[in-house]
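The values are calculated or read from the model by the stated rules, or taken from the named source; none is laboratory data. Quick caveat: nothing in here was measured; it's all calculated off a predicted structure. Here the Cβ positions follow ideal geometry from the backbone for every residue, glycine too, while neighbour counts run over all protein chains shown. When the accessible area is computed, the model is the full protein with side chains, heavy atoms only, and any ligands, DNA or RNA have been set aside. Shrake-Rupley method; radii C 1.70, N 1.55, O 1.52, S 1.80 Å.
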Amino acid sequence: MARATRDLVGELVRNALELAQADGALPPIQPIELRIERPKERDHGDYACNVALRLASSVRRPPMEVAEVISERIMRSAPIADVSVAPPGFINIALDPEWQRTQLLSVIEAGDQWGRIDLGAGRRVQVEFVSANPTGPLQVGNGRGAVLGDALAAVLDAAGYQVEREYYVNDAGAQIRLFGRTLNARYQQQFGREAAMPDGGYQGAYMIDLASQIKDEVNDRWLDDSGDPPAELSDRGLALMIEQIRADLALLRVEFDHWQRESALYDGDASTYSIAMQQLRDGGMVVEKDGAVWFRADELGDDKDNVLIRSSGEPTYFASDVAYHYDKFLLRGFDTVIDVWGADHQGHVARTKAAVSAVGGDGDALEVLLYQLVHLRRGDARVRMSKRTGEIVTLRELIEEVGADAARFFMLQRSADAQMDFDLEAAASADPRQNPANYVRYAHARCASVLRAADEAGLAPSSDRLDLLQEPQEAELVSEILRLPELVADMAAKREPHHITQYAQSLAQAFTQFYDHCRIVVAEEPQRSSARLTLTQASQAGLASALRLIGVEAPDAM
RNA sequence: GCCCCCGUAGCUCAGCUGGACAGAGCAACGGACUUCUAAUCCGUAGGCCGGAGGUUCGAGUCCUCCCGGGGGUGCCA
């Protein structure tokens with residue numbers, strides 16, 4: 001378990017600040033949050049701190065002077081080699097190159113787990129994502145939620161949280177009944193009967209496939225003239241549909257720890273649902289109006305009340321959600337729950353947080369990560385996602401066209417907030433210039449290839465003379481490799497896993513530049529070769545770690 | 001109407017909870033292969049960060065208004 005270098009540096013700066021106050025060079029001040037940044041400009045060192053600028057007005061001294069006072073008191077010992085002050089008041093910090101090179105050994109030891117930190121301290125986080133209705137196959141948009149949620153879970157796991165990935169299966173309610181009636185119609189049609197599709201029934205051909213499959217399994221055993229579909233038929237269809245969804249997600253390399261059934265919330269006399277509803281009633285959070293039961297969400301931050309139980313007596317989807325979040329927080333005791341939703345559910349955020357508070361949880365412990373729509377393109381041509389035009393619609397079709405690696409990498413290149421254009425042509429291309437997933441994969445494969453070539457030449461990695469790594473490309477590569485732990489910290493804290501793709505490209509580029517400028521395997525220079533092989537091993541570990549977080553394979557040859 | 005997201009290079013997008021001259025990839029142009037994978041690398045060009053005010057020592061980043069794109073606003077999910 002590594003500590004991010006940034007944290008080590010931050011500690012030394014904080015010590016210097018406290019020392020300055022202790023010896024009277026600075027007046028006592030309110031403790032402030034120290035932020036250590038990576039300057040954009042290489043000349044400004046490895047890290048920079050703006051604490052002097054932020055302190056200047058409260059201590060009534062010029063920023064440059066404050067910076068000097070702090071800078072003088074920063075220990076010039078590993079990992080720090082040099083500290084300088086630059087206008088208007090930045091403290092610039094250069095790391096000790098020798099110390100950095102030594103860190104490569106930890107990287108190699110960590111392998112594809114490099115970057116792991118202890119920010120989360122084992123706190124339990126649930127990430128619930130996809131959770132699409134099991135009334136049809138997953139669509140392309142569900143793929144974005146799948147990749148986003150899975151990568152976020154991976155990042156949180158790397159940051160030291162105890163993470164559970166969950167899929168919520170809406171297997172109750174009106175939609176499921178409609179699913180059953182549709183399937184029943186299709187099933188009867190399998191036997192040449194004239195069965196009308198229900199109003200608003202599911203038109204997709206997949207329903208015919210389901211009916212056909214069930215006919216193969218049980219023949220005419222579930223034919224029923226009463227009008228309502230036999231429960232066995234509906235249940236079997238649902239099971240097949242859920243299995244298909246699970247298989248589609250597995251193709252994307254997304255797997256869940258737990259599939260939570262909505263129907264299970266209603267099981268038994270003391271069901272989760274009834275307990276949660278009682279909780280709301282006891283708290284005076286419900287009101288009856290027009291024969292329906294409403295949640296008084298406006299008292300807890302939402303802008304309007306919401307129906308929990310229809311006048312027909314049937315609970316709404318929202319009522320299930322209340323029970324579900326009661327289950328998450330009060331029964332299962334997660335410290336934090338992150339729901340990953342499509343942006344079209346944006347209107348449900350306030351009421352769901354309010355519901356968490358109303359059932360005795362902490363509304364702020366529920367975080368909702370919204371992601372925007374995905375549009376498909378082929379080069380310059382917009383791909384219309386509609387069943388009528390026969391164009392690509394389902395997640396499975398997308399994966400079959402571009403592969404899981406490209407699908408995951410591309411889906412993760414944008415922030416969740418931004419609408420996304422997904423270029424099928426680029427994603428399907430093997431060319432690394434079109435397809436950055438391949439650029440990174442290729443860099444990893446090249447590491448493996450170089451290590452094989454070295455082995456054949458009788459050269460082995462060694463840390464004896466890492467001081468021979470003096471080229472600028474080597475220093476840059478070392479720095480880039482060592483950056484991962486703090487990136488993990490940032491991604492985890494901000495719930496923004498998409499930065500990992502940019503990092504992976506940047507690391508791959510640093511390695512490729514090193515490879516291009518520095519001959520690694522040179523029999524006549526065994527010591528330098530061995531040092532460079534160590535750097536190659538660490539690069540491979542770094543690339544493998546980044547690719548693992550993205551969920552893309554790290555091949556040894558391409 | 002009200003609420004949420006977005007508007008940064010020709011294109012697709014980053015920009016670290018305000019910081020040092022605005023970045024990447026692709027596309028464009030010019031170079032580099034007797035070499036461990038050229039599936040690569042080096043260089044050039046390209047921007048009033050949608051517009052107008054404001055806060056600040058400092059704004060792509062925060063506030064207000066306007067323009068443009070998307071989503072939401074059901075006893076649907």
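Worth a mention:
- Annotation: of all residues in the range A:430-451 being charged (D, E, K, R) and free of Cβ contacts under 8 Å to residues at least 40 places away in the same chain, the one that is nearest to RNA strand B (Cβ to nearest atom) is A:Arg433.
- Selection from the range A:479-535 of residues that are free of Cβ contacts under 8 Å to residues at least 12 places away in the same chain and open to solvent by less than 70 Å² (accessible area, probe 1.4 Å): A:Asp490, A:Val522
- The condition of being charged (D, E, K, R), loosely packed, with under 12 Cβ neighbours inside 10 Å and more than 9 Å from RNA strand B (Cβ to nearest atom) holds for only one of A:Asp282, A:Asp303, A:Asp327, that being A:Asp282.
- Whichever residue in the range A:526-558 is within 11 Å of RNA strand B (Cβ to nearest atom) and not aliphatic (A, V, I, L, M) and, among such residues, is nearest to A:Ile108 (Cα to Cα): A:Thr536
- Among the residues of the range A:74-118, the one identified as closer than 15 Å to A:Glu480 by Cα, open to solvent by 30 Å² or more (accessible area, probe 1.4 Å) and assigned to a loop (DSSP other than H, G, I, E, B) is A:Asp96.
- Contact annotation: residue pairs with Cβ atoms under 8 Å, 6 or more positions apart or on different chains, pairing a residue in the range A:94-121 that is free of Cβ contacts under 8 Å to residues at least 40 places away in the same chain with a partner that is not in a loop (DSSP other than H, G, I, E, B), are A:Asp96/A:Ile80; A:Asp96/A:Ala81; A:Trp99/A:Ala81.
- Scanning the range A:24-42 for any residue that is within 12 Å of RNA strand B (Cβ to nearest atom), more than 26 Å from A:Arg3 (Cβ to Cβ) and either open to solvent by 80 Å² or more (accessible area, probe 1.4 Å) or outside any loop (DSSP other than H, G, I, E, B) (or both) turns up nothing.
One line per residue, one yes/no per condition, for (1) farther than 30 Å from A:Glu553 by Cα; (2) modelled with pLDDT under 95; (3) in contact with a His (Cβ under 6 Å, 6 or more places away or on another chain):
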{"residue": "A:Arg193", "(1), (2), (3)": "yes, yes, no"}
{"residue": "A:Met241", "(1), (2), (3)": "no, no, no"}
{"residue": "A:Gln244", "(1), (2), (3)": "no, no, no"}
{"residue": "A:Leu251", "(1), (2), (3)": "no, no, no"}
{"residue": "A:Val254", "(1), (2), (3)": "no, no, no"}
{"residue": "A:Leu265", "(1), (2), (3)": "yes, no, no"}
{"residue": "A:Val286", "(1), (2), (3)": "yes, yes, no"}
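- Hey, A:Ala56 of a type in the set (A, V, I, L, M, F, W, C), more than 8 Å from RNA strand B (Cβ to nearest atom) and either within 27 Å of the chain's Cα centre (by Cα) or not in a loop (DSSP other than H, G, I, E, B) (or both) or not: no
- Number of residues in the range A:493-523 that are touching a Gly at 6+ places or on another chain (Cβ under 8 Å) and either near RNA strand B (Cβ under 7 Å from one of its atoms) or not in a helix (DSSP H, G or I) (or both): the value is 1.
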